[in-house]
Structure formats: C-alpha cells, structure tokens
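Structure first, then comments.
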C-alpha cells in the first residue's frame with residue numbers, strides 16, 4: 001500500500017469509548033470522537049474530543065496534523081490546550097490482514113503552566129471497522145506507563 005492509499009484508508013470519523021489509568025489518579029472511562037480528514041495538500045487533519053462516559057462532561061481535546069511520507073514514515077503533530085505539544089514520529093506498517101499500525105514516539109514541548117509530561121508513546125491500529133489505540137505516558141514523577149486505551153468504530157457524528 002502506498003502512502004496515498006494508506007491516508008485514504010485511515011481518513012474518517014470514529015466514535016467509541018476508552019479507559020484511563022495512571023498511578024496518580026483514579027481509573028476513569030470516557031466516550032471519544034476522532035476526525036481524520038484528508039486535506040487537499042495530502043496530510044490528515046486530526047481532531048479529538050473526549051467526554052466523561054457517565055455524565056458527558058467534556059474531558060480532553062487535542063488537534064493537529066498527521067503526515068505520512070512515501071516511505072511510510074509518520075509525523076504526527078499534536079497540540080493540547082493543557083500546554084502540551086507533541087511531535088510524534090514513527091512508521092506505518094501494513095499487517096497481513098490489511099490492518100494499519102502506527103507506532104509513534106513523541107518529542108514533547110511544554111508551556112510554562114503545563115503538567116510536566118516527559119515522554120509519550122502512541123500505538124494506533126486501524127482496520128475496516130475502526131481504530132484502537134494505546135497511549136503510554138511518563139511525567140517527572142512517574143515512569144512510562146499505560147495511560148489510555150480505546151476502541152472506536154468507523155462512522156459517527
């Protein structure tokens with residue numbers, strides 16, 4: 001699969017739910033909406049929103065751009081209103097079953113008021129029905145550990 005077909009396969013709207021855990025907080029569940037829109041310039045425009053699964057109060061948002069080169073190198077630029085920005089880099093691999101996996105490690109930039117996030121690893125898996133992901137995070141006080149997992153179905157708002 002070439003980069004253009006890969007971007008077309010990933011593009012879409014996704015809805016579902018996830019679970020958050022971390023040593024410093026109580027576990028929580030959330031609903032999520034993700035949009036990946038193919039731009040005329042050839043990159044994907046990314047937006048994400050989560051809400052508390054129980055009462056639907058807003059929890060988190062982030063936005064950015066997903067760029068995939070002809071050799072399937074991936075750059076994912078992500079900005080959060082919490083003052084955390086990531087440039088995540090890695091590769092896209094095509095699985096034998098046709099699924100697409102993105103494994104990304106982030107370089108972090110922080111605003112003065114942001115929580116001291118020091119490392120983020122993101123793993124996404126896309127197939128015809130939707131996407132799944134894991135996000136591992138480290139802070140100045142906690143080593144790299146699983147923070148978020150979610151399963152989202154293709155389609156939605």
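Every read-out reported here was derived from the displayed coordinates using simple, explicitly stated rules and does not represent laboratory data. Note that this is a predicted model, so its numbers are computed, not measured. Reconstructed Cβ throughout: ideal geometry from the backbone, glycine too, with neighbour counts over all protein chains shown.
Residue-wise test of (1) within 18 Å of residue 32 (Cβ to Cβ); (2) under 13 Å from the mean Cα position of the chain (by Cα).
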position	(1), (2)
63	yes, yes
69	no, no
81	yes, no
89	no, yes
102	yes, yes
113	no, no
151	yes, yes
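Matching residues to (1) assigned to a strand (DSSP E or B); (2) exposed (fewer than 14 other Cβ atoms within 10 Å of the Cβ); (3) in contact with a helix residue (DSSP H, G or I) (Cβ under 7 Å, 6 or more places away or on another chain); (4) without any contact (Cβ under 8 Å) to a residue 40 or more places away in the chain:
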| position | (1), (2), (3), (4) |
| --- | --- |
| 98 | no, yes, no, yes |
| 102 | yes, no, no, yes |
| 105 | yes, no, no, yes |
| 108 | yes, no, no, yes |
| 122 | yes, no, no, no |
| 131 | yes, no, no, no |
| 134 | yes, no, no, yes |
| 141 | no, yes, no, no |
| 151 | yes, no, no, no |
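From the residues in region 1-29 that are free of Cβ contacts under 8 Å to residues at least 40 places away in the same chain and not in a loop (DSSP other than H, G, I, E, B), which one is surrounded by the most Cβ atoms within 10 Å (Cβ to Cβ)? Step through it out loud before you land on a result.
At the first step, the residues of region 1-29 found to be free of Cβ contacts under 8 Å to residues at least 40 places away in the same chain are 4-5, 8, 11, 25-29.
Those still in the list that are not in a loop (DSSP other than H, G, I, E, B) too: 4-5, 8, 28-29.
On the way: 4: 12, 5: 10, 8: 13, 28: 16, 29: 13.
It comes out as 28.
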